[in-house]
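The values are calculated or read from the model by the stated rules, or taken from the named source; none is laboratory data. In this text the structure is predicted, and so the values were computed from the model without any measurement. Methodologically, a virtual Cβ is constructed for each residue, glycine included, from the backbone with ideal geometry; neighbour enumeration extends over all protein chains shown.
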2 protein chains.
Amino acid sequence: MNNDEYLTALGQNAKQASYALATLSGQQKSALLRCIADKLTAAKADIVSANQQDVADAKANGLSDAMIDRLLLDETRLMGVISDIDNVIGLTDPVGSEIDSRLLDNGLRLSRRRVPLGVIGVIYEARPNVTVDIAVLALKTGNAVILRGGKETLASNKALCTVIRSAMVSQGLSEDCVQLIDNPDRSLVSGLLKLDKYVDMIVPRGGQNLQRLCAEQATIPVILGGIGICHIYVDAEANLEKAVSVIENAKVQRPTVCNALDTVLIHQSHAKQFIPVLAKHLSGLGVNFYGCDQTQAILTAEGLDVSAATDESFATEWLSLTLGIRVVADLDGAVEHIRQFSSGHSESILTDNIHTASDFMNAIDSAAVYVNASTRFTDGGEFGLGAEVAVSTQKLHARGPMGLEALTTYKWLAWGDYTIRG
Amino acid sequence: MNNDEYLTALGQNAKQASYALATLSGQQKSALLRCIADKLTAAKADIVSANQQDVADAKANGLSDAMIDRLLLDETRLMGVISDIDNVIGLTDPVGSEIDSRLLDNGLRLSRRRVPLGVIGVIYEARPNVTVDIAVLALKTGNAVILRGGKETLASNKALCTVIRSAMVSQGLSEDCVQLIDNPDRSLVSGLLKLDKYVDMIVPRGGQNLQRLCAEQATIPVILGGIGICHIYVDAEANLEKAVSVIENAKVQRPTVCNALDTVLIHQSHAKQFIPVLAKHLSGLGVNFYGCDQTQAILTAEGLDVSAATDESFATEWLSLTLGIRVVADLDGAVEHIRQFSSGHSESILTDNIHTASDFMNAIDSAAVYVNASTRFTDGGEFGLGAEVAVSTQKLHARGPMGLEALTTYKWLAWGDYTIRG
């Protein structure tokens, strides 16, 4: 079987399997997820052992400690992944609810019913927990899923999928509800992106290169996201003392995630006063800086280290303890900077002036816009969605943290009495 | 200026213009649309004269009468287009409403606000009325728009856009809120499809080739739609007399549109009785048939003409007085046929059995699913949306008839008190 035949079979199997999933009741789906959790618990020794193989290979291949930590799935972490399934079981199932129901003048009783998307393709990096997370969220919403994880966790992913597929069968469903592309050939990713006859949505969970590959090659709708070049604007009327703690939280609490702060924009009226205070506090926490000309002059005069910011540095998602600092003339200057450099993820204004706050909220077109809060809140759990499929930075279908509803669509249903159009 | 520079300028201008549009009040947008209607009325002689040039060129180029009729914009039609603007002015503006507002445990006051998408690109064929329709719907929802119409109506589109752009300026807005690609070079379409830095959504309004081109080349989210391979299943328990009138309505009332019927599926129990009755009635109205083997045998025995249906004919959107007929064993057979051949637009079951009706509604995954009704109702106006941007046959963002809301997205807004994540 060549790659095209393999992918076509994969797509056909997923689509066929999706039909039965779409009509399951909430109770049946809960039983299925419970069965997956139980079988994963029973198989934990096999799974941990498969992961140890991945870790050994990663070490032999000289992968970084950070990378190896990411792909590690020891018993503690696995039990955490399994216990997350309980949370998902407890979430409200959006499938089946009917909205906008009404009787039309032509006699049709019309409504929109929320239904599963059908088949979801997910491409992700070397994090074996994603294999379970995504399969469980897809099944909870009645979708079949095709998984393509990083090659560094292939043994772990195989072990996890084997267990999940056996749970499908023991619940009277097709094992093809969950399929793993277990061949590391990269051309299979390109092929998956063109399976529009069978796959309804692609979710890439990975960095800029993966996002770009999907945008360029996919003939299937793609949910881009997870890249956050995030800003905080410290307005002329901000409380500067409190501003330091918000900026610290946004930058330092967890610098490796997409809702962490990348650039702080400072109103010129307090640049000389505030920038040294902020920089001294943050450098004590290990933060280093890229500053605009004015920021460089201020920090250098104080004897603090600062690199020269460029358009390229302002367009970088740092994912580390690096912070851009720029002085802006006013709100318009802040808005202009954000429009030029933001990835459309999360931006915040710190101000005590309600008009400035409102103007910022109106002018900024990002998935999440904050007044007097850390950007770190952009997260499905924090927003009360119960689960997070991804954080979308595009505008169609779903924006910002995506919960279960983002894995569904709707169909229009109309009941008539042999009704014809006049 | 080469094509790349031209397109980049087009995108930048549109994005820049969109910022002011996004903050207009409903009243300001109504004033803008009123101004467009007035200016189009005042310029009707120029517009009709430009259209006459397009018509003359079309005749000189030997275009078909049907094509020429489509691109014709005489005074009567133009006044119709202008009066449609009044309807749009009267629609509720979805922009600005806030949904899911709540206070989170962490103290943030969170809501989702409906906002314009930003910049919409629309690619369409030689129908000058679309130029006005789409510009007006985009402006009503606060979006800038880039238009690319068929080259056969370039003079008409230029005349219309000149008027619309002058209305923008007289309302204190940028004329770049509405831009027309007035160079027929086809490579500009491919270029437009990759302007993801500036354009937020592409709507192709045209046939299969245009849809495919957009799916394959676009790096911007595309709303595919407007292709309807539509089915009616006549169940064993259908009222056959009423079934004839529904099928007639779906096939004959307006055969050239996407919600017209393409294939009728007949339960085997009444194939011999019903197919001759149906075919005699429809052939009297000019309908011709492609039948499955059994249908061919039945019709030939009755001395009626029928062509042999193939997988290719069942996969054809006829847009004419042609009808496919297939005998199926039961509901499952009908569902299987629809899953194989439908474009996901509109399907209907005719039955008096509520269980069969419900099973059909659950099993069929198309944008609109009917019980005892003609497929012809799948339309923004009929569904009470007030306007129709397009009919989506994909599942993300918008499905089926797309009203004003499909031209918007939402952003998450959160108010805190220098709130940090714990």
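Summary table below
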{"read-out": "Qualifying helices (runs of 4 or more DSSP H) (wholly inside the stretch A:181-258; at least 3 residues being among the aromatic types (Phe, Trp, Tyr))", "value": "none"}
{"read-out": "Residue within the stretch A:115-124 that is within 24 Å of A:TRP415 (Cβ to Cβ) and touching a Phe, Trp or Tyr at 6+ places or on another chain (Cβ under 9 Å) present", "value": "yes"}
{"read-out": "Among (1) in contact with a Gly (Cβ under 9 Å, 6 or more places away or on another chain); (2) closer than 29 Å to B:LEU193 by Cα, the one test that B:GLY26 misses", "value": "(2)"}
{"read-out": "Set A:SER101, A:SER64, A:SER111: member being over 21 Å from A:GLY381 (Cβ atoms) and in contact with an Asp or Glu (Cβ under 6 Å, 6 or more places away or on another chain)", "value": "A:SER111"}
{"read-out": "Filtered residues of the stretch A:163-174 (kept if in contact (Cβ under 8 Å) with a residue 24 or more places away in the chain and in a helix (DSSP H, G or I))", "value": "A:VAL163, A:ILE164, A:SER166, A:ALA167, A:MET168, A:SER170"}
{"read-out": "Qualifying position, being crowded, with 23+ Cβ neighbours inside 10 Å, touching a Pro at 6+ places or on another chain (Cβ under 9 Å) and of a type outside the set (Phe, Trp, Tyr), among B:PRO221, B:PRO204", "value": "B:PRO221"}
{"read-out": "Residue within the stretch A:193-201 that is at pLDDT 95 or above, surrounded by 23 or more Cβ atoms within 10 Å (Cβ to Cβ) and facing chain B (nearest Cβ under 10 Å) present", "value": "yes"}
{"read-out": "Residue, farthest from the other protein chains (Cβ to nearest Cβ), within the stretch A:265-276, restricted to residues that are free of Cβ contacts under 8 Å to residues at least 40 places away in the same chain and surrounded by fewer than 18 Cβ atoms within 10 Å (Cβ to Cβ)", "value": "A:LYS272"}
{"read-out": "Positions within the stretch A:2-15 being surrounded by fewer than 16 Cβ atoms within 10 Å (Cβ to Cβ) and within 10 Å of A:ASP176 (Cβ to Cβ), in sequence order", "value": "A:ALA9, A:GLN12"}
{"read-out": "Which numbered condition B:GLY107 misses (of (1) touching a Cys at 6+ places or on another chain (Cβ under 7 Å); (2) at positive phi)", "value": "(1)"}
{"read-out": "Exclusive hit being charged (D, E, K, R), on the phi < 0 side of the Ramachandran plot and in contact with a strand residue (DSSP E or B) (Cβ under 7 Å, 6 or more places away or on another chain), set A:ARG70, A:ARG77, A:ARG102", "value": "A:ARG102"}
{"read-out": "Test: A:ILE354 is within 7 Å of chain B (Cβ to nearest Cβ) and surrounded by fewer than 20 Cβ atoms within 10 Å (Cβ to Cβ)", "value": "no"}
{"read-out": "A:ASP262 being more than 14 Å from every other protein chain (Cβ to nearest Cβ) and either closer than 30 Å to B:ILE202 by Cα or in a strand (DSSP E or B) (or both)", "value": "yes"}
{"read-out": "Residues satisfying the stated conditions in the stretch A:230-264, i.e. surrounded by 24 or more Cβ atoms within 10 Å (Cβ to Cβ), under 18 Å from A:TYR290 (Cβ atoms) and under 26 Å from the mean Cα position of the chain (by Cα)", "value": "A:CYS230, A:HIS231, A:ILE232, A:TYR233, A:ILE247, A:ALA250, A:LYS251, A:ALA260, A:LEU261, A:ASP262, A:THR263, A:VAL264"}
{"read-out": "Hits in the stretch A:386-422 (condition: β-branched (Val, Ile, Thr) and either more than 7 Å from chain B (Cβ to nearest Cβ) or without any contact (Cβ under 8 Å) to a residue 12 or more places away in the chain (or both))", "value": "A:VAL389, A:VAL391, A:THR393, A:THR408, A:ILE420"}
{"read-out": "Residues of the stretch B:128-171 satisfying the condition of being at pLDDT 95 or above and touching a Phe, Trp or Tyr at 6+ places or on another chain (Cβ under 6 Å)", "value": "B:GLY149"}
{"read-out": "A:SER187 more than 30 Å from A:SER25 (Cβ to Cβ), under 22 Å from the mean Cα position of the chain (by Cα) and among the small types (Gly, Ala, Ser)", "value": "no"}
{"read-out": "Of all residues making up the stretch A:318-356, the number that are part of a loop (DSSP other than H, G, I, E, B) and over 15 Å from A:VAL264 (Cβ atoms)", "value": "9"}
{"read-out": "Selection status of B:PRO116, under 23 Å from B:GLN12 (Cα atoms) and either touching a strand residue (DSSP E or B) at 6+ places or on another chain (Cβ under 7 Å) or not assigned by TED's automatic domain parsing to the domain that holds B:GLY80 (or both)", "value": "yes"}
{"read-out": "All strands (runs of 3 or more DSSP E) inside the stretch A:39-135 with 3 or more residues being buried (at least 21 other Cβ atoms within 10 Å of the Cβ)", "value": "A:109-116, A:119-124"}
{"read-out": "Residue tally, condition surrounded by fewer than 24 Cβ atoms within 10 Å (Cβ to Cβ) and within 11 Å of chain B (Cβ to nearest Cβ), over the stretch A:336-350", "value": "3"}
{"read-out": "Hits in the stretch A:358-400 - residues which are among the polar types (S, T, N, Q) and closer than 24 Å to B:GLY118 by Cα", "value": "A:SER358, A:ASN362, A:SER366, A:THR375, A:THR378, A:SER392, A:THR393, A:GLN394"}
{"read-out": "The stretch A:256-271, subset touching a Gly at 6+ places or on another chain (Cβ under 8 Å) and modelled with pLDDT of 95 or more, residue farthest from A:THR375 (Cα to Cα)", "value": "A:LEU265"}
{"read-out": "Evaluation of A:SER30 against (1) among the hydroxyl-bearing types (Ser, Thr, Tyr); (2) at pLDDT below 95; (3) outside any loop (DSSP other than H, G, I, E, B) (one fails), failing number", "value": "(2)"}
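Residue by residue, here is whether (1) at pLDDT 95 or above; (2) surrounded by fewer than 24 Cβ atoms within 10 Å (Cβ to Cβ); (3) small (Gly, Ala, Ser); (4) within 13 Å of the chain's Cα centre (by Cα) holds:
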| site | (1), (2), (3), (4) |
| --- | --- |
| A:ARG376 | yes, no, no, no |
| A:GLY380 | no, yes, yes, yes |
| A:VAL389 | no, no, no, yes |
| A:GLY403 | no, yes, yes, yes |
| A:THR408 | yes, yes, no, no |
| A:GLY422 | no, yes, yes, no |
